[in-house]
Amino acid sequence: MRADAVRNREKVFDEARRAVADGETGLTLNELARRAGVGVGTVYRVFPTQRAMLESVLEGAVRELIGAAEEAEGRADPGSALVDFLRAALAAALAQPGLIDVLISGSDETESLSRAKGELVAAVSRLLGLVRPVPALTGENLLKLLCGLVHAVGEHPAERRGAAADNYLALLRAGLAHPAPPGAHPSLPGV
């Protein structure tokens, strides 16, 4: 690839990242071209559609979640590791506009994002396998539940979101706990 083509590609990608980080998840490719100072054809060679742009920009965040889930798998206390992973995923989703939409979408335009989402579901499913929640839950189900948590936490004023996240995660943790024998307190393994 020519040096100027590489520079233009980087300009397009950098401007797309900046726009998505600022919450402009619906930025048109024509506007992206204008902002990047390149021709529309250049943008369409980098991102064939607006959705492909969003997926490409957010794939890195999905890969970070994979790393967080894999790190949690190796921890001694799977119950705490699951809650810590969910806390990290919740923070990432609140900080990255469009991430939840990309995670729960049933169809992906970019093959690399589709693979990343499959890896994330597998890693979260392995983590859940260590916890063995009751009722059983798949990684895909847990990611959809995360969408609800993001919405619920996002409804709180910014200064109360941390406390709201903690409360919702405590509720989720209690809901995933194994049923306790009469008179005992329910808990997740390792909790």
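Derivation of every value follows stated rules applied to the coordinates shown; laboratory data play no part. Just so you know, these numbers come straight off a predicted model, no measurement behind them. Cβ sites come from the backbone with ideal geometry, for glycine too, and all protein chains shown count toward neighbours.
Of note:
- The length gained on full extension between residue 160 and residue 126, counted as 0.36 nm times the residue separation minus their Cα-Cα distance, comes to 9.0 nm.
- Assigned charges on the beta-carbon of Lys, Arg, Asp, Glu; segment 1-47 dipole about Cα centre (debye): 200
- For segment 58-176, the calculated P(r) over all alpha carbon pairs, in 10 Å bins from 0 to the bin holding the longest distance, is 14, 48, 33, 6 percent.
- With the simple model of a label 7 Å out from the Cα in the direction of the Cβ, residue 111 to residue 151 spans 3.4 nm.
- Ordered by the number of other Cβ atoms lying within 10 Å of each residue's own Cβ, fewest first, 130, 54 fall into the sequence 130, 54.
- Computed lengthening from residue 174 to residue 22, 0.36 nm per intervening residue step minus Cα-Cα distance: 51.2 nm
- Relative contact order %, the chain, counting alpha carbon pairs below 8 Å whose residues are six or more apart: 21
- Where N is the number of residues in segment 1-47, Cα Rg divided by 2.2 N^0.38 Å: 1.06
- Counted without the sites themselves, the longest stretch of the chain free of trypsin sites (Lys or Arg not before Pro) in a DSSP loop having at most 16 other beta carbon atoms within 10 Å is 76-191.
- In segment 58-176, a dipole from Cβ-located charges (positive for Lys and Arg, negative for Asp and Glu) runs towards its positive end, and of 136, 118, 61 it is 136 whose Cα lies farthest in that direction.
- Whole-Hz Karplus values for segment 47-62 come out as 10, x, 9, 5, 5, 4, 4, 4, 4, 5, 5, 8, 4, x, 5, 5 Hz, taken residue by residue from phi with 6.51 cos²θ - 1.76 cosθ + 1.60 and θ = phi - 60°; glycine and proline positions read x.
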